[in-house]
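Student: Please read through the structure below; I'll follow up with questions.
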Amino acid sequence: MLDLVSMLNHERYSPRCYVAALTDNMSLSKAQRLEESFIQQAAANHKARYLQIYRSREVGQSYLTSMATTTIGMAHGLWIVFRVRPDIILCNGPGTCLPICIAGFLLKVLSFKWVVMVYIESIARVRKLSLTGLLLYKLCLMDQFFVQWPKLKNKFPRAQYVDRLM
């Protein structure tokens, strides 16, 4: 995902806000290094925000207990999205993105702000979508839904096949 962010127009999509799970110990530090490289390249100082969110469901967590963690994640996602009010939500499938995407969809539906929402399924997903990807696809929440394997495009016709992004 950070490779994709590095290719964006940094001036147009600024300031950026990165959201990662509370249990993710690496993503935000990688995002900070990426932002530092932008500052060095452009000699500009666009303050990025780094936020953490409760994950809807940890890998291997039972579906029963995930209902409680999803509720907490949803409340936290709503708070983040309504506070940040992003122009675009770019996400790639971990349990943190479902609450953010639902909150972004609510921002649109309630006419607070039009948010472009883009989901990119992991290249590791060859035969079936992740649980998050499947939910977002079935709920039709995303403006763009990208897959990186032709088999997935055949199974999910509303998805856009983009081959390998990075």
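The values are calculated or read from the model by the stated rules, or taken from the named source; none is laboratory data. This is a predicted model, so every value here is computed, not measured. Virtual Cβ from ideal backbone geometry, glycine too; neighbours counted across all protein chains shown. To get the accessible areas, we keep the full protein, side chains included, count just its heavy atoms, and leave off ligands, DNA and RNA. Shrake-Rupley method; radii C 1.70, N 1.55, O 1.52, S 1.80 Å.
Student: Hey, can you tell me all the residues within the range 1-23 that are outside any helix (DSSP H, G or I) and free of Cβ contacts under 8 Å to residues at least 60 places away in the same chain?
Tutor: Once the filter is applied, which keeps residues that are outside any helix (DSSP H, G or I) and free of Cβ contacts under 8 Å to residues at least 60 places away in the same chain, the range 1-23 yields Met7, Leu8, Asn9, His10, Glu11, Arg12, Ser14, Pro15, Arg16, Tyr18, Leu22, Thr23.
Student: Scanning the range 35-57 for residues that are part of a helix (DSSP H, G or I) and buried (at least 16 other Cβ atoms within 10 Å of the Cβ), which turns out modelled with the highest pLDDT?
Tutor: This residue is Glu35.
Student: Provide a single number: the residues in the range 1-33 that are closer than 19 Å to Arg55 by Cα, among the hydrophobic types (A, V, I, L, M, F, W, C) and either surrounded by fewer than 12 Cβ atoms within 10 Å (Cβ to Cβ) or touching a Cys at 6+ places or on another chain (Cβ under 9 Å) (or both).
Tutor: 3
Student: Sticking with this structure for a sec: Say we look at the range 108-163 and pick out the residues that are among the β-branched types (Val, Ile, Thr) and assigned to a strand (DSSP E or B); which of these is nearest to Gly60 (Cα to Cα)?
Tutor: Selected residue: Ile120.
Student: Is it the case that some residue within the range 47-70 is over 17 Å from the mean Cα position of the chain (by Cα), farther than 20 Å from Gly95 by Cα and not hydroxyl-bearing (Ser, Thr, Tyr)?
Tutor: Scanning the range 47-70 turns up at least one residue that is over 17 Å from the mean Cα position of the chain (by Cα), farther than 20 Å from Gly95 by Cα and not hydroxyl-bearing (Ser, Thr, Tyr).
Student: Only residues that are of a type in the set (Gly, Ala, Ser) and outside any helix (DSSP H, G or I): list them for the range 58-87, please.
Tutor: Result: Gly60, Ser62.
Student: For the range 6-21, which positions are within 24 Å of Gly73 (Cα to Cα) and out of contact with any Ser or Thr (no Cβ under 9 Å at 6 or more places or on another chain)?
Tutor: Listed by number, the residues that qualify are Pro15, Arg16, Cys17.
Student: Working carefully through the options Val84, Val118, find the one that is in contact (Cβ under 8 Å) with a residue 60 or more places away in the chain, open to solvent by less than 70 Å² (accessible area, probe 1.4 Å), within 20 Å of Ala21 (Cβ to Cβ) and of a type in the set (A, V, I, L, M).
Tutor: Being in contact (Cβ under 8 Å) with a residue 60 or more places away in the chain, open to solvent by less than 70 Å² (accessible area, probe 1.4 Å), within 20 Å of Ala21 (Cβ to Cβ) and of a type in the set (A, V, I, L, M) holds for just one of Val84, Val118, which is Val84.
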